Amino acid sequence: MTTLKRVDVHVEGVVQGVGFRPFVHALARRLGLAGRVHNDVDGVHIEVEGALAGVEEFLTALERDAPALSEIERVTVVSARPTGHNGFTIAAGLPSGPLRPLVRADGATCDDCLRELADPADRRHGYPFINCANCGPRFTIVRGVPYDRPLTTMAGFGMCQACAAEYHDPGNRRHRAQPTCCPACGPRLRLRDARGTELCGDPVAGAVTLLRAGRVVAVKGLGGFHLAVPAADERAAALLRGRKHREEQPFAVMAADLAQARRLCEIDEHAAELLTGRARPIVLLPRLPGAPVAASVAPATRSLGLMLPYTALHHLLLAELAEPMVLTGGNVSGEPIAYEDDDALTRLSGIADAFLIHDRPIHVRADDSVVRPMAGEVTVLRRARGYAPEPLAMRWPAPRPVLACGAELKSTFCLAEGRRAFVSQHIGTLENHETLRSFVESIDHYCGLFGIRPEVVAHDLHPGYLSTRHAMEIRGVRLLGVQHHHAHIASCLADNGDPGPVLGVALDGLGHGPDGTLWGGEFLRADLTSYERLGHLAQVPMPGGSAAVRQPWRMAAAYLGDDHPGLDVTRLDVARRNPWADALRLAPGSPLTSSAARLFDAVAALLGVRDKITYAGQAVVELEQHADPAERGTYEAGITHGDLLVVQAADLVRAAAADLAAGTGTRVIAGRFHNGLADAVARACDILRAATGLTAVALSGGMFQNALLLEATVARLRAAGFRVLKHVRVPPGDGGVSLGQAAVAAARDRA
Ligand SMILES: [Zn+2]
Ligand SMILES: [Zn+2]
């Protein structure tokens, strides 16, 4: 007789509403084990009994073969006394206690569903809304908790008998898959013209005919509407750009599969993994010379934002079109993307010639996420569809629930409870009513979904940010202001599960400094509770204040001052007369800044790359793209060290001007400038290491979305013996600030 073994297993993490119980049920049956599985307050509880080898195999397979959408955080196994009972059952969830199933992010159509989609014998053959427990819409269709069909936007679709049978069968891949449906009972696709009139015929074939004719088609996706044109069609791409009022910001491109993607970009194994993963983000990749992409799709850049299909509708469209298509956000520049049908038909009526639309409502707006392979790893630049609302695990718990309101540009908020931090999807720049409404409503939605009632509210120190003002209006909570660049470094610490203290290098646009100047090129000593400013880039005036952000030529004048060699800094803005005189006349009364972004602006204008901008961060992005990545030359910036360390960044601009006057190519100069700044950062850290004994450096701020700067800085710091922390899961830019604020608030609340 074999010895019976019985264990109680508790699984924590994202394990509810993801097909975990049917998976456990099937696994136990396959191994001939007895017992039961049920959801409980904080995960899934399993009692399993049988031969020792079977139980051991069960525990191994539990983690190894877990469903694609699940994410196991912790498994606890306790031995129990065998009962000798037979059979394995799925028991009902415990009725008592607050149930907090985690709502998962939307997942790309799985291989099983794709096989059925392509199988003429399957009842879901060619059906654009096919999904199962392992894939499909989640977060974007959830109205409330518990996560169950009546509280999703699928509530209006009664299941047919065949779907209901699958849904209730614990052995079926669609067991309790809330959005499951089929052509007989689920959503329907329609094609409408710009006036809203339905066009007859097959909607996908009709849409593709229009795309081939160079028309702009709005396509309803998971988290909002997209606008599509064929990626190689210059006339259509230029038309879309004009109608969207998006002058230069690159469009993303969707390819049918990896083979098609490989004709557009350099794709190594790592990039292939990112492109085909469940989250299906836009991946920023080096574009191949001669790639069949229209010039207007991504001007002034050598990269391309590429993604693969993540809904069955995308697969059907691209199979029919047989070439890659632009798929960019369905909005007019500056507004959030449209996600409600009526709103989309109104707001996009002047942009789209037709609408490929369906009757499954989107409840939560979510943009496409953007990631970039950098320095041998990947950094998330925009965290939204496919990632949010999944919690990030924090090494140290928040004693009381925290709401962190974030900053202003590319804003997100963060709710933290216990060891979990829920960073919201990218909401957008908080500068108009529509975005603010989305921000406030999303906070309420997250609080409801995850049962969190914030007792501590963290915010930026900038009194004018709408996020700060929102925080100030919340009553009965502990309010905590967190300095912008401290939040950046804390975000990097939280991203890496490191408590600090570290040398924090925060290079970004502009942040409110406690001394009344605008910070943005900062060297801090920081841990999660506090920071001290150890140094910064030398301050320069921003001639004309915020006008200098939109017109980088002003920064070139400010940096070079009176000893300029008469260089032209307004080669694009040709109508501008006397730029130097204008800038220098304004400079004395202008705000002072140590911003690294303004330093990039100065060099971009000097080199004729960009002297006025049409989207935030444009000069920085284009200067990186302009630079020769193979250039090894460098410039040297002086460093002074009194009470504070000061990097004389103007030395870099002067060296660039001298090279330019000597006839050196602008791509070489741009490369030397990147290397010069990285050198200066590494030398500054070396001096600060001697003064403080700190040997780890955390890199944060939007400038570290620049791969050239990040890689050059990381290489120099590592060569100098530093341990380097950089961003992985949240953006280095302001989209990551809310996580940092939450980490600081939690740490101060623990103290
Ligand atoms: Zn599936
Ligand atoms: Zn059905």
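The values are calculated or read from the model by the stated rules, or taken from the named source; none is laboratory data. Please read these numbers as outputs of a predicted model, since none were measured by experiment. Note: ideal-geometry Cβ built from the backbone for every residue, glycine included; neighbour counts use all protein chains shown. We work out accessible area using only protein heavy atoms, side chains counted, and drop any ligands, DNA or RNA first. Shrake-Rupley method; radii C 1.70, N 1.55, O 1.52, S 1.80 Å.
Which cysteines does the chain leave without a neighbouring Cys Cβ under 4.7 Å?
Result for the chain is Cys113, Cys132, Cys163, Cys181, Cys182, Cys200, Cys265, Cys405, Cys414, Cys447, Cys492, Cys685, no neighbouring Cys Cβ within the cutoff.
I'd like to know how the stretch 164-308 sits against the 2.2 N^0.38 Å rule of thumb: what's its Cα Rg over that expected value?
1.26
For the chain, which whole percent of the accessible surface, found with a 1.4 angstrom probe, sits on carbon and sulfur atoms?
The C+S portion of the solvent-accessible surface of the chain is 51 percent.
Give the whole-number value, in cubic angstrom per residue, of the convex hull volume spanned by the C-alpha atoms of the chain.
173
Might you tell me the accessible area per residue for the chain, computed with a 1.4 Å probe and given in Å²?
37
Could you give the dipole magnitude of the stretch 312-414 about its Cα centre, charging the beta-carbon of Lys and Arg +1 and that of Asp and Glu -1, in debye to the nearest 20?
Here the stretch 312-414 has a charge dipole of around 720 debye.
Just the number: Rg to Rh for the stretch 418-571, Cα atoms, Kirkwood Rh, two decimals. Write out the running numbers ahead of the final one.
Working: Rg = 18.9 Å, Rh = 18.2 Å.
Radius of gyration relative to Kirkwood radius: 1.04.
To check my understanding: the extent here is largest minus smallest coordinate of the Cα atoms along each principal axis. What are those three numbers for the stretch 451-517, in Å, largest first?
Extents along the principal axes, in whole Å: 36, 32, 16.
When DSSP assigns beta bridges and you keep just the ones with both residues in the stretch 401-528, what percent turn out antiparallel, to the nearest 5?
65
Under 25 °C and 0.890 mPa s, how fast does the stretch 586-666 diffuse according to Stokes-Einstein, given a Kirkwood radius computed over C-alpha pairs? Answer in µm²/s, whole number.
173
Mind giving me the nanometre distance, one decimal, between the label points for Glu335 and Glu320, set 7 Å out from Cα along Cα→Cβ?
2.7
Mind ranking Lys726, Lys5, Lys612 by accessible surface for me, highest first, 1.4 Å probe?
So the residues, ranked largest to smallest area, are Lys612, Lys5, Lys726.
What's the FRET efficiency of Thr197 with Glu431 using the Cβ-Cβ distance as r and R₀ = 35 Å, to the nearest 0.05?
0.45
Modelled label-to-label distance, Thr640 and Ala715, 7 Å Cα→beta-carbon offset: nm?
Taking the two extended label points, one gets 3.2 nm.
Say each of Thr695 and Leu52 gets a label point 7 Å from the Cα, pointing the same way as Cα to Cβ; how far apart are those two points in nm?
In this crude label model, Thr695 to Leu52 measures out at 4.6 nm.
Taking the DSSP beta bridges in the chain as the whole, what percent of them are antiparallel, to the nearest 5?
Values: 84 of 115 bridges.
Just about 75 percent of them are antiparallel.
Ignoring ligands and nucleic acids, what accessible area does Cys110 show with a 1.4 Å probe (Å², nearest 10)?
Counting only protein heavy atoms, the figure is 20 Å².
For the stretch 229-362, what's the relative contact order in percent, using C-alpha pairs closer than 8 Å and at least 6 residues apart?
33
For the stretch 625-719, which GluC sites (Glu not before Pro) are in a loop by DSSP, counting at most 13 other Cβ atoms within 10 Å?
When the GluC sites (Glu not before Pro) of the stretch 625-719 are filtered for loop state and at most 13 Cβ neighbours within 10 Å, Glu636 remain.
Once you have the Cα-Cα distance between Ala155 and Arg115, take 0.36 nm times their residue separation minus that, and quote the gain in nm to one decimal. Don't jump to the answer; show the numbers that get you there.
Details: separation 40, 0.36 × 40 = 14.40 nm, distance 2.67 nm.
Using 0.36 nm per residue and subtracting the Cα-Cα distance, I get 11.7 nm.
What is the extension gain from Val77 to Ala575, computed as 0.36 nm multiplied by their sequence separation minus the C-alpha to C-alpha distance, in nm to one decimal?
Between Val77 and Ala575, full extension yields an extra 172.0 nm.
With every protein chain kept in the model, how would you rank Arg235, Arg104, Arg420, Arg143 by accessible area, 1.4 Å probe, largest at the top? Before the final figure, lay out each step's value.
Numbers: Arg235 150, Arg104 5, Arg420 45, Arg143 115 Å².
The residues order as Arg235, Arg143, Arg420, Arg104, largest area first.
Hey, got a sec? Which trypsin sites (Lys or Arg not before Pro) in the stretch 622-684 land in a DSSP loop and have at most 15 other Cβ atoms within 10 Å?
Listed in order of number, the matching sites are Arg632.
About the Cα centre, and with charges only on the beta carbon of Lys, Arg (+1) and Asp, Glu (-1), how big is the dipole of the chain? Nearest 20 debye, please.
660
Residues in the stretch 309-338 near a label at Leu288, defined as backbone nitrogen under 18 Å from the 7 Å Cα→Cβ point?
Of the residues in the stretch 309-338, 309, 322-326 have backbone N under 18 Å from the label point off Leu288.
Taking each pair of distinct Cα atoms in the stretch 238-359 once, what is the resulting Kirkwood hydrodynamic radius in Å?
After inverting the pairwise mean of 1/r, the radius is 15.4 Å.
When all C-alpha to C-alpha distances in the stretch 522-647 are sorted into bins of 5 Å, what percent of pairs does each bin hold, rounded to whole numbers?
So the P(r) values, bin by bin, are 2, 11, 18, 20, 18, 15, 9, 4, 2, 0, 0.
Roughly what angle does helix 203-212 make with the longest principal axis of the chain, taking Cα atoms, 0 to 90 degrees, to the nearest 10?
Helix 203-212 sits roughly 20 degrees off the main axis of the chain.
Set the Förster distance to 22 Å, then compute FRET efficiency between Arg302 and Arg235 from the Cβ-Cβ distance, nearest 0.05.
Calculated value: 0.40.
List the relative contact order of the stretch 472-536 as a percent without decimals, with contacts defined as Cα pairs under 8 Å and 6+ residues apart.
30
Can you tell me the order of 218-224, 658-664 when each peptide is scored by its average per-residue count of other Cβ atoms within 10 angstrom, highest first? Walk me through the numbers on the way to the answer.
Values: 218-224: 25.6, 658-664: 13.0.
Top of the packing list down: 218-224, 658-664.
Give me the three principal axis extents of the stretch 1-90 from the C-alpha atoms, as integers in angstrom, largest value leading.
39, 22, 20
Given contacts defined as C-alpha pairs under 8 Å and at least six residues apart, what's the relative contact order of the chain, whole-number percent?
11
Any idea which of His25, Ala300, Gln249 is furthest toward the positive side of the dipole for the chain, if Lys and Arg beta-carbons carry +1 and Asp and Glu beta-carbons -1?
Checking the options against the dipole of the chain, the answer is His25.
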